[in-house]
Each structure stands twice: as C-alpha cells, then as structure tokens.
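Presented below is the structure to which this report refers.
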Amino acid sequence: MIIEMGRLTQDVKLKNITVDGAEQRVLNNRLAINQGKDNTVFIDVTAWGDTAEFLSKYFTKGSEIYVTGEIRNRQFKFKDDERSFTVPYIKIMGIKFTHGTNKEDDGMAVIN
C-alpha cells in the first residue's frame, strides 16, 4: 500500500471503456508530489469505478488530494520493433480531501 499527497496536473476526465465485455468507468491523471523546496515528482494515477466517479465529481486540475493505492506497472511497446518500456503508476484505492472542505466537515471525507 502506498500513501501520497499531491496536486492533480490535468483536467479531470471520466471515461467509459469496455473491458472483457463489460463497461467500466476509468480516470487517468498525473499527481505532482512536492518533495522539498525545489523538487517535484510526477507520477501517473488511475482510478476505476466508484473511485473514478468520486474523483471526477469533487476534484479538478490543481486540486490537492491524498490518495492510497498500489504501485503498478504499465508496459508500452514501440510500434516498429519489439522494444518496450515500463512506466509505474498508482492505482488509486482510496481518496481523502485535504483542503477546501466545508467547515461542517472534519476535513477528511473518505471513499474506499
């Protein structure tokens, strides 16, 4: 399990795709994680189903977000040969608000 906090770097777009004959909701984005005064790390994030829908409903580009999930690898192949490369990403399993919640809230609305 990995826990990270960062800001979404792109507009949030929910997509419907077909996987093994079933339609599923998916959301892909990138998280900017501040690791000190002059160091920011960027990592791709993916959310599925209700988690993706929740993210698309309540978060926008630039939103700070606290995520829990798993590190996964996505493999890409070059078109003209057999070479490939792997890119790590976080498969989001849970989300928490960090800023901008209503004062009535405890500031930690959660979806798992």
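The values are calculated or read from the model by the stated rules, or taken from the named source; none is laboratory data. Everything quoted here is computed from the prediction, not taken from an experiment. For neighbour counting, all protein chains shown are included, and Cβ atoms are generated from backbone atoms with ideal geometry for every residue, glycine included.
Quick notes on this structure:
- Of the criteria (1) crowded, with 16+ Cβ neighbours inside 10 Å; (2) among the charged types (D, E, K, R); (3) more than 19 Å from T9 (Cβ to Cβ), which one K79 fails: (1)
- Pair list, Cβ < 8 Å and 6+ apart or interchain, from segment 38-54 residues that are outside any strand (DSSP E or B) to residues that are among the polar types (S, T, N, Q): G49/Q24
- Residue selected from segment 1-45 under the condition of a type in the set (V, I, T) and touching a helix residue (DSSP H, G or I) at 6+ places or on another chain (Cβ under 7 Å), by the criterion nearest to T68 (Cα to Cα): V26
- Filtering R7, R30 for residues that are surrounded by 10 or more Cβ atoms within 10 Å (Cβ to Cβ) and free of Cβ contacts under 8 Å to residues at least 24 places away in the same chain leaves a single hit, R30.
- Among the candidates T86, T68, T46, T40, residue that is at pLDDT below 90 and not acidic (D, E): T86
- One residue stands out in segment 38-53 among those that are more than 17 Å from I2 (Cα to Cα) and among the polar types (S, T, N, Q): the one that is surrounded by the fewest Cβ atoms within 10 Å (Cβ to Cβ), namely N39.
- Residues within segment 80-95 that are of a type in the set (A, V, I, L, M, F, W, C) and within 15 Å of G69 (Cβ to Cβ), tallied: 4
- Conditions (1) surrounded by 15 or more Cβ atoms within 10 Å (Cβ to Cβ); (2) of a type outside the set (S, T, N, Q); (3) more than 11 Å from L8 (Cβ to Cβ); (4) at pLDDT 95 or above: number failed by K96: (4)
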